[in-house]
Amino acid sequence: MSQTATGTIIEHFGELDDSRRYNKRHLLIDIVVIAICAVICGADDWPAVEEFGKAKQEWFKQFLKLPHGIPSEDTFRRVFAVLDAEQFQSCFITWIKAVFEVTQGQVVPIDGKKLRRSHDKSIGKDAIHMVSAWALENHLVLGQVKVDDKSNEITAIPQLLDLLEISGCIVTIDAMGCQKKIVQKVKDKNADYTIAVKANQKGLFEDVTRLFDHAQETQFANCGYCKTEEKGHGRFEIRECWTISNPEDLKQIRSLSDWTGLQTIVMVRRERHIGCKVEIEIKYYISSLLTSARHILDVIRGHWGIENQLHWVLDIAFREDDCRLRKGNGAQNFALLRHIALNLLKQKRTCKRGIKTKRLKAGWDMDYLAKVLAG
């Protein structure tokens, strides 16, 4: 195989600083490329990465130097534990921008996920929490940021937004991200937003609910409206969406000027029938979009793509919640390896199989792996 398949990976991750103080028998870029390939092909821990490397050593020799053969699992563990996670993330972002084109106008959900087995009770270390951005249409992880140990997603989301190229996209966030600074950051990135509103923003929540209570009294006159019905998997679901975009109505929001770009408030009613059981849920949102109720409802529904297409896949196909890496930056860096693998596998659509099967196929068929790496 020519170096073309791994060329962009070597180019963008080859600038990583080697944090090792001693025992540098193996080149850092060799270690990184082997790890990426192994994770693509089904490796979920360092012993599996080593065994994959040994099994494919002759294949790797076509484009890696391997001065002392394949590194041991301890070498992989030690290197990724000390590898600068922020620099690794920076290389990942640069690679994404160079290799993949993010479609403008698409929904970009941002949400957090805990790596459940990354805790270490012996030293009082909690499981790490990662916030990720997902390009819904392109099926791409755009970036991730680790939540500081003594903080939460509110501080991590602006850091993540700083890294992203999301001009023309629509950012969706749950109520945790309903913060004035976050809204401002999204607009500064030349993007739009649709964000859930709950009682954590008491004044805003009261004003939004009051406006819709008044609208209901007038049979939602001057409101945008749409309704969808969906049946499947043993349930029947009705969704109704009302929007208020009238500037005179929005002036009744006391802190309106503090929410940069706010043009629409939204109420969504979900009625779910499962057998004889009926569940009703009402949620509220703020949005910088000035568009139809149907479009906004589609955007809101699109937010769940990060759960269904990213978090669920990481848990089921990559067994992320079973990963017990705890030392140094190991858990954070392995999470990024999974994101690299997922991005590459998602783009390879000639194989009409799930991610788990694609991982197996890449391990069995080196020509297929080469095509996955080529993007």
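Find the relative contact order for the chain and round it to a whole percent, using C-alpha pairs within less than 8 Å whose residues are 6+ positions apart. Don't skip to the answer; put the middle values down first.
Details: 641 pairs, mean separation 74.2, N = 375.
Here the relative contact order equals 20 percent.
Students sometimes get this wrong: rank Arg25, Arg116, Arg77 by accessible area, probe 1.4 Å, all chains present, largest first.
Working: Arg25 120, Arg116 145, Arg77 85 Å².
Largest accessible area first, the list is Arg116, Arg25, Arg77.
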field: Pairwise FRET efficiency - Trp364 versus Arg301, Cβ, R0 = 35 Å, nearest 0.05
entry: 0.45
- request: Name the residues whose placed amide hydrogens come within less than 5 Å of the amide hydrogen of Gln252, ignoring near sequence neighbours (fewer than 5 apart) on the same chain.
  value: none
query: In whole Hz, what ³J(HN,Hα) sequence does segment 241-251 give by Karplus (6.51, -1.76, 1.60; θ = phi - 60°), x for Gly and Pro?
result: 10, 10, 10, 10, 10, 4, x, 5, 5, 5, 5
query: How large is the helix-only mean residue ellipticity at 222 nm for the chain, computed as the sum of -39500 (n - 2.57) over DSSP H runs with n ≥ 4, divided by its residue count, in deg cm²/dmol to the nearest 500?
result: -12000 deg cm²/dmol
- prompt: In straight Cα distance, which lysines are under 17 Å from Lys198, not counting same-chain residues fewer than 8 positions off?
  reply: Lys180, Lys181, Lys283
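So, for segment 157-304, what is the accessible surface per residue at a probe of 1.4 Å, expressed in square angstrom?
50
Within segment 290-375, what whole-number % of the accessible surface is contributed by carbon and sulfur, with the 1.4 Å probe and all protein chains included in the calculation? Can you show the working numbers first?
Working: 1940 of 3890 Å².
Here it works out to 50 percent.
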task: Could you please report the charge total around Arg78, scoring K, R as +1 and D, E as -1 over all other residues with beta-carbon less than 15 angstrom from its beta-carbon?
output: 0
- request: For Lys185, go through the aspartates and glutamates and keep the ones whose alpha-carbon is under 15 Å away, minus same-chain ones fewer than eight residues off.
  value: Glu153, Asp162, Glu165, Asp258
- prompt: Quick one: if you stick a label point 7 Å off each Cα along the C-beta vector at Glu165 and Lys24, how many nm between them?
  reply: 3.1
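Using a ≥ b ≥ c from the Cα gyration tensor of segment 202-332 (square roots of the eigenvalues), is it rounded, prolate or oblate, where a/c under 1.5 gives rounded and otherwise the larger of a/b and b/c decides, a/b for prolate? Show your work: numbers first, answer last.
Working: a/c = 2.69, a/b = 1.50, b/c = 1.80.
Oblate shape, in that a/c is at least 1.5 and b/c is the bigger or equal ratio.
Using a 1.4 Å probe and counting only protein heavy atoms, arrange Tyr225, Tyr22 so the residue with the most accessible area comes first. Please report the intermediate quantities before stating the final value.
Details: Tyr225 110, Tyr22 155 Å².
Largest to smallest exposure gives the sequence Tyr22, Tyr225.
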task: Would you list, by chain and number, the lysines whose Cα falls below 26 Å from the Cα of Lys348, excluding same-chain residues fewer than 8 positions away?
output: Lys54, Lys56, Lys61, Lys97, Lys113, Lys356, Lys358, Lys361, Lys371
message: Given the whole protein assembly as supplied and a 1.4 Å probe, what does the accessible area of Lys277 come to in Å², nearest 10?
response: 120
message: I'd like the distance separating the alpha-carbon centroids of segment 1-62 and segment 304-368, in whole Å.
response: 16
Interchain or long-range residues, amide H under 5 Å from Tyr193's placed H: Val171, Ser288, Leu289
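Taking the Cβ of Gly143 as the center, what net charge do the other residues with Cβ under 11 Å away carry, scoring Lys and Arg +1 and Asp and Glu -1?
Surrounding charge for Gly143 is -1.
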statement: Expected vector for segment 261-276, Karplus 3J(HN,Hα) from phi with 6.51, -1.76, 1.60 and θ = phi - 60°, integer Hz, x for Gly and Pro, equals x, 5, 10, 8, 10, 9, 10, 10, 10, 10, 10, 10, 10, 10, x, 8
- line: Residue separation between Lys356 and Glu248 times 0.36 nm, minus their alpha-carbon distance, gives in nm 33.7 nm
task: Run the quick spin-label model on Lys97 and Asn222: label points 7 Å from Cα toward the beta carbon, then report their separation in nm to one decimal.
output: 4.4
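The values are calculated or read from the model by the stated rules, or taken from the named source; none is laboratory data. As the structure is a computational prediction, the values presented were derived from the model and not from experiment. Cβ coordinates were reconstructed from backbone atoms using ideal geometry, including for glycine residues, and neighbour counts include every protein chain displayed. Each accessible area value is taken on the protein alone, full model and side chains, heavy atoms only, with ligands, DNA and RNA left out. Shrake-Rupley method; radii C 1.70, N 1.55, O 1.52, S 1.80 Å.
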